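Let me begin by presenting the structure, written as structure tokens, before commenting on it.
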Amino acid sequence: MTSYMLSGAQNLRLPRGEAPAGLGFVGSSFHGRCLPKLRMDFAPLGGNQKARIVAPRCSVSSSRPASQPRFIQHKKEAFWFYRFLSIVYDHVINPGHWTEDMRDDALEPADLYDRRLKVVDVGGGTGFTTLGIIKHVDPENVTLLDQSPHQLAKAKEKEPLKKCTIIEGDAEDLPFPTDTFDRYVSAGSIEYWPDPQRGIKEAYRVLRLGGRACLIGPVYPTFWLSRFFADMWMLFPKEEEYIDWFKKAGFNDVKLKRIGPKWYRGVRRHGLIMGCSVSGVKRESGDSPLQLGPKAEDVSKPVNPLSFFLRFLIGTIAAAYYVLVPIYMWLKDQIIPKGMPI
């Protein structure tokens, strides 16, 4: 599959002169503002045509800051949210938002070239992403970590994952020594981190010198109704936020690759639970140079039961909207002729 890699939010290079599909270029910027007609510059290189999209700098749509957690962007709410979602996760969420094709495409930047690589899958849940990792790496070299025992119970039932190390843990406070792993992978977990920067700082810490982190997560939608529900449910970062978090943590060679299911073509109106794969390389041994204060959320502190219930209820209602989005988009994909934006 053709890769679309960004070293920043504005520059997108397309191999082999292919036009982008489902990337938000058709009459829209990445964040919902209209773009003038784009120019394609072609330059021969070694006999092959290369294309580069030249677009004006875009203004960024507003969203709630990452420092203001959404209703399910709390560890306790996420714990109970997945207590119920784990029952149907592999059969409801994956078919619409996180398919095998998407997973394999998103894992490409992780550069899993050697079966002896030591890999940690943070927020691995039911092990769907881990199954993609062990296509390239021996299971005994893979560690799957998640805060949800209910999700991990599903992972432990999968025969191909029997030789993996499966443990409970916190993505923002990983239970591993510094300089432990060759690869760090996290898919569909950052949405629930109260402090995304801390989680990415931890990714840097546990990697060895030259190790690569690959974080797969959602993208902020452009359609106003989808933005509303996104800001109620969980964290949908903007592309430039991902890149900024990686660079602040100390990563080099930071790149962002856009991913999406086959039905998601045309303008990126509704956001995706899995919409981009961000990667970076650890440049120095030891901990991240970034200094942070206390954790944003202390799970040991008691919560107000009424406040918890209301946050959980509102967040779950908002999540239901994103269960309907792939159904709606799949129907449009069947009706609207191929090649036209939806």
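The values are calculated or read from the model by the stated rules, or taken from the named source; none is laboratory data. Note that the coordinates shown come from a computational prediction; the quantities given were computed from them, not determined experimentally. Positions of Cβ are generated from backbone atoms using ideal geometry, with glycine treated the same way; all protein chains shown enter the neighbour counts. Heads up: the accessible areas ignore ligands, DNA and RNA and are worked out on the full protein's heavy atoms, side chains in. Shrake-Rupley method; radii C 1.70, N 1.55, O 1.52, S 1.80 Å.
Might you let me know whether the stretch 320-337 holds any residue that is within 18 Å of Leu235 (Cα to Cα) and either modelled with pLDDT under 75 or of a type outside the set (A, V, I, L, M, F, W, C) (or both)?
Filtering the stretch 320-337 down to residues within 18 Å of Leu235 (Cα to Cα) leaves 320-323, 325.
Imposing the further condition that a residue be either modelled with pLDDT under 75 or of a type outside the set (A, V, I, L, M, F, W, C) (or both) reduces the set to 321-322.
Looking for residues that are within 18 Å of Leu235 (Cα to Cα) and either modelled with pLDDT under 75 or of a type outside the set (A, V, I, L, M, F, W, C) (or both), one finds at least one in the stretch 320-337, hence yes.
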*Only one residue in Ala171, Ala203, Ala155, Ala110 is closer than 23 Å to Met274 by Cα, in contact with a Cys (Cβ under 6 Å, 6 or more places away or on another chain) and not β-branched (Val, Ile, Thr), so which one is that?*
Ala110
*Provide a single number: the residues in the stretch 143-185 that are outside any strand (DSSP E or B) and aromatic (Phe, Trp, Tyr).*
1
*Give just the number: which of (1) open to solvent by less than 10 Å² (accessible area, probe 1.4 Å); (2) aliphatic (A, V, I, L, M); (3) part of a helix (DSSP H, G or I) does Leu131 not satisfy?*
(1)
*Residue selected from the stretch 219-266 under the condition assigned to a helix (DSSP H, G or I) and within 11 Å of the chain's Cα centre (by Cα), by the criterion nearest to Asp333 (Cα to Cα)*: Glu239
*What pairs come up if the first residue lies in the stretch 88-112 and is in a helix (DSSP H, G or I), the second is modelled with pLDDT of 85 or more and surrounded by fewer than 16 Cβ atoms within 10 Å (Cβ to Cβ), and their beta carbons are under 9 Å apart, counting only those six or more places apart or on different chains?*
Asn94/Glu100; Asp104/Lys135; Leu107/Lys135
*asked:* As an exercise: evaluate Ser226 against (1) polar (S, T, N, Q); (2) open to solvent by 10 Å² or more (accessible area, probe 1.4 Å); (3) modelled with pLDDT under 95 and give the number of the one condition it does not meet.
replied: (2)
*Odd one out for Ala106, checked against (1) crowded, with 23+ Cβ neighbours inside 10 Å; (2) in contact with a helix residue (DSSP H, G or I) (Cβ under 8 Å, 6 or more places away or on another chain)*: (2)
_Would you confirm whether or not the stretch 269-277 contains a residue that is among the charged types (D, E, K, R) and open to solvent by 20 Å² or more (accessible area, probe 1.4 Å)?_
yes
_Taking the conditions exactly as written (closer than 17 Å to Tyr322 by Cα, assigned to a helix (DSSP H, G or I) and of a type in the set (Asp, Glu)), does Glu191 satisfy them or not?_
yes
*Out of all the residues in the stretch 152-171, which are closer than 19 Å to Ala106 by Cβ and under 20 Å from the mean Cα position of the chain (by Cα)?*
Ala155, Ala171
_Of everything in the stretch 170-200, what is at pLDDT 95 or above and either in contact with a Pro (Cβ under 6 Å, 6 or more places away or on another chain) or on the phi > 0 side of the Ramachandran plot (or both)? Give them in sequence order._
Asp179
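Yes/no matrix, rows are residues, columns are (1) in contact (Cβ under 8 Å) with a residue 40 or more places away in the chain; (2) surrounded by 22 or more Cβ atoms within 10 Å (Cβ to Cβ):
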residue	(1), (2)
Gly123	yes, yes
Gln151	yes, yes
Lys154	yes, no
Ile167	no, no
Asp179	yes, no
Ser189	yes, yes
Pro196	yes, yes
*Those residues that are open to solvent by 50 Å² or more (accessible area, probe 1.4 Å), in a loop (DSSP other than H, G, I, E, B) and within 20 Å of Phe223 (Cα to Cα), I need them from the stretch 310-342; list them, please.*
Met340, Pro341
*Count - residues of the stretch 198-210 that are surrounded by fewer than 24 Cβ atoms within 10 Å (Cβ to Cβ) and not charged (D, E, K, R)*: 3
